Amino acid sequence: MTDRRVVFVVFDDFQPLDLTGPHEVFHNAGEYACDVVAPRAGPVRSASGLLVHAGHGVADLDPAGTDTLVVVGGQGVDRAREDAELVAWVAAAAAGARRVASVCSGVFLLAAAGVLDGRRVTTHWAREDQLAREHPEVRVDCDPIFVRDGRVWTSAGVTAGMDLALALVEDDLGRDVAHEVARRLVLFLRRPGGQSQFSVALWSRQPATDPVRAAVTAIHADPGARHDIAGLAAHAGLSPRHLQRRFTAEMGAPPAAYVERVRVEAAQRALTDGDEPVEAIARRCGFATAETLRRTFHRRLGVAPSDYRARFRSTAEPLEPPALRGPLPDSAEEGRTA
């Protein structure tokens, strides 16, 4: 039996992907034994109605022997953290575990168990204010998709749990194994913890018309291409003036501002995913020079590219990122060439 025993904590009305996503990551890594515990053994109904069988209840599972404890989230967490027996079991398991993790609002159950005092944590952006208000003893940072503070790892919601699980696998078995698991699960991108919950792809408006959609598609397909207003207008089949007006109205930002944000995200991924020199990344992502990339990173992220890489390249050390969230550059950028 492997010493790498992962115990997932679930409860009525949990978020099913908070369990099934990380569970599949550990299963595909091949060197983990996974158990599911709930207030009582047997079927547990998720928030979407999916029934999951918990092999153990807290009354019959010794909290000792847990290597990695993973507490899932979901709308039922508010009731779960009022279950004194469950909270006590989580506290006991966390005390002896090598690692403790939460997905999404599972962080509230860890907080109720006293596991997070003085630590920096994250959760789903929609519950940031509640967590900070109810637990002033923790430091809440809901920009990154996951955060490590010592042996405690916390993540944002739903699919971010898979990113967290991949980081835990990398911590145990190395980068190559984590990449292979990601490939096997056909994950588009194994995101580093420092990637923002507030990325362009998730938070920008969606194009309402085909011409603007064509321009946006061209930007994301190759962030490092020239993408001046004339080139984007050619993709859209509009005049530059007409595209400028339509793009800004539909996307909430002028083309130059949107291009810059996409390029910054592309550079963030390149810095954390490989060994390419900063100068080469700058050219490939459309910044022309390393100095231009450095100035843009300082303006948008408050950190130099090399420091960003050092902070987020490896999951082997605690992460203390700068504030990554920020608005798109304002309309003063509208007249600039992308």
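Charges only on Cβ, +1 for Lys and Arg, -1 for Asp and Glu: so what's the dipole of the chain about the Cα centre, in debye to the nearest 20? If you can, show how the numbers build up before the last one.
Working: 40 positive and 45 negative charges, 253 e Å.
With only Lys, Arg, Asp and Glu charged at Cβ, the dipole is about 1220 debye.
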Check: Given a Förster distance of 51 angstrom, what is the FRET efficiency for Thr209 paired with Glu137, based on the Cβ-Cβ distance and rounded to 0.05?
Finding: 0.55
Notebook entry, point to check: Among Ser46, Ser239, what's the order by accessible area (1.4 angstrom probe), most exposed first?
Noted result: Ser239, Ser46
Checklist line | Residue-normalised accessible area of the chain, expressed per residue, 1.4 Å probe, Å² | finding: 43 Å²
Item checked: For the range 267-280, Karplus couplings with θ = phi - 60° (6.51, -1.76, 1.60), whole Hz, Gly/Pro x -> 5, 4, 5, 5, 5, 8, 9, x, 9, 4, x, 4, 4, 5
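At a Förster radius of 30 Å, what calculated FRET efficiency corresponds to the Cβ-Cβ distance of Gln75 and Arg184, to the nearest 0.05? Present the calculation step by step, with values, prior to reporting the outcome.
On the way: r = 31 Å, r/R0 = 1.02.
Efficiency, rounded to the nearest 0.05: 0.45.
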Notebook entry, point to check: Rounded to the nearest 0.05, what FRET efficiency do His220 and Glu85 have when you use their Cβ-Cβ distance and R0 = 56 Å?
Noted result: 0.70
Checklist line | Alpha-carbon centroid distance for the pair the range 296-311 / the range 220-259, whole angstrom | finding: 26 Å
Notebook entry, point to check: Just Leu50, Leu271, Leu69 to compare: in a GNM of the chain, with alpha carbon springs under 10 Å, which one fluctuates most?
Noted result: Leu50
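Divide by every residue of the chain the summed helix terms, -39500 (n - 2.57) for each DSSP H run of at least 4, and state the resulting mean residue ellipticity at 222 nm, rounded to the nearest 500 deg cm²/dmol.
On the way: 15 runs with 150 residues, N = 338.
Here the helix-only value at 222 nm equals -13000 deg cm²/dmol.
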Notebook entry, point to check: What distance in nm separates the simple spin-label points at Ala126 and His298, each placed 7 Å from Cα in the Cβ direction?
Noted result: 3.9 nm
Check: Could you give the angle, 0 to 90 degrees to the nearest 10, between helix 160-173's Cα long axis and the longest principal axis of the Cα atoms of the chain?
Finding: 70 degrees
Check: Which value, in Å² rounded to 10, gives the accessible area of Glu279 with a 1.4 Å probe and all protein chains present?
Finding: 100 Å²
Item checked: Gain upon complete extension [Ala234, Asp60; 0.36 nm per residue less C-alpha separation] -> 56.0 nm
Next item on the list: Report the label-to-label distance for Leu50 and Arg284 in nanometres (one decimal), using points 7 Å from each Cα along the Cα→Cβ vector.
Entry: 3.4 nm
Next item on the list: Using label points projected 7 Å from each Cα along Cα→Cβ, tell me how many nm separate Ala95 and His242, to one decimal.
Entry: 7.1 nm
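The values are calculated or read from the model by the stated rules, or taken from the named source; none is laboratory data. Please read these numbers as outputs of a predicted model, since none were measured by experiment. Virtual Cβ from ideal backbone geometry, glycine too; neighbours counted across all protein chains shown. Protein only, heavy atoms only, side chains kept; ligands, DNA and RNA dropped before computing areas. Shrake-Rupley method; radii C 1.70, N 1.55, O 1.52, S 1.80 Å.
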